[in-house]
1. Between Asn4 and Tyr62, what is the spin-label point distance in nm, taking each point 7 Å from the Cα along the Cα→C-beta axis?
2. Given Cβ point charges of +1 (Lys, Arg) and -1 (Asp, Glu) and nothing else, what value in debye, to the nearest 20, does the dipole of region 3-73 about its Cα centre take?
3. Report the extension gain between Ser146 and Asp41 in nm, rounded to one decimal, defined as 0.36 nm multiplied by the number of residues separating them, less their alpha carbon distance.
4. List, in order, the whole-Hz ³J(HN,Hα) value for each residue of region 166-180 obtained from phi through the Karplus relation with A = 6.51, B = -1.76, C = 1.60 and θ = phi - 60°; use x for Gly and Pro.
5. Compute the FRET efficiency between Arg11 and Asn189 as 1/(1 + (r/R0)^6), taking r as their Cβ-Cβ distance and R0 = 45 Å, and round to the nearest 0.05.
6. Normalising by the residue count of region 3-73, find the relative contact order in percent from Cα pairs under 8 Å and 6+ residues apart.
7. In region 93-195, if the dipole is taken from +1 on Lys/Arg beta carbons and -1 on Asp/Glu beta carbons about the Cα centre, which of Gly162, Val115, Ser176 is farthest to the positive end?
8. By how many nm would the segment from Ser27 to Ile110 lengthen if fully extended, with 0.36 nm per residue of separation less the alpha-carbon distance?
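Where a number appears in this text, it was derived from the coordinates with a stated rule and is not lab data. Bear in mind the structure is a predicted one, so any value in this text is a computation, not a measurement. Here Cβ is always computed from backbone atoms with ideal geometry, including for glycine, and neighbour counts include all displayed protein chains.
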Amino acid sequence: MNKNQFIEELRNKLKRLPQREIDNAISYYIEYFEDASVGDDVNVVSEFGSPSSIASQILADYAIKDNKESRKFGKSGISSIWFIVLAILASPIALPLALSMIILLFVPVIVIGAVTFAFVVTTVALIFSGFAISVAGISVILSDFSTTILFVGTGIVLIGVGLLFLVMVLFLASKSIKLISSTCSKLLNKFNKREI
């Protein structure tokens with residue numbers, strides 16, 4: 001059986017399918033014959049099998065595909081419509097709940113950010129006031145040496161306390177960021193596991 005006879009017999013065996021499916025199957029085998037450079041006199045049955053066996057495989061594949069599509073648009077299609085309706089009806093309740101959950105997640109971030117900002121401002125103020133007091137103490141060195149020593153000593157202490165605060169702020173900020181990120185990732189993992 002040559003390729004033209006094979007195509008015609010396959011077309012006859014597939015006549016129960018929709019025309020689009022028949023055309024897809026026939027065009028597949030025609031393209032395959034062209035790509036393989038199969039001549040008109042070559043026996044294609046020995047290579048592919050009989051058109052009846054190929055047609056039965058195509059019909060079986062179509063039946064399975066059709067069954068899956070009918071299931072997809074059957075009950076699950078109706079249930080998805082119900083889920084949409086329920087989501088619309090639940091939105092007056094769900095939207096405020098979702099908003100409050102988002103606010104609760106961001107409150108610790110805002111609080112830690114505000115506390116960190118306050119400590120940074122305090123640190124900068126201590127360091128700059130230490131420098132300012134030291135400069136003021138050096139400026140009165142000619143009039144009163146004991147006042148100079150007091151001012152310069154106080155300035156150095158303030159600079160030291162400011163640098164100590166700076167180290168403490170950097171340490172606490174890095175720990176806080178790690179804690180917030182690990183907490184958020186744990187919450188997201190739990191939320192993703194519930195959805196699956």
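1. Between Asn4 and Tyr62, the label points sit 2.5 nm apart.
2. About 620 debye.
3. Roughly 26.0 nm would be gained on extension.
4. Values per residue, Gly and Pro as x: 4, 4, 5, 5, 4, 5, 5, 5, 5, 5, 5, 5, 5, 5, 5 Hz.
5. E(calc), rounded to 0.05, equals 0.25.
6. Computed over region 3-73, the figure is 46 percent.
7. Of the listed residues, the answer is Ser176.
8. Roughly 23.5 nm would be gained on extension.
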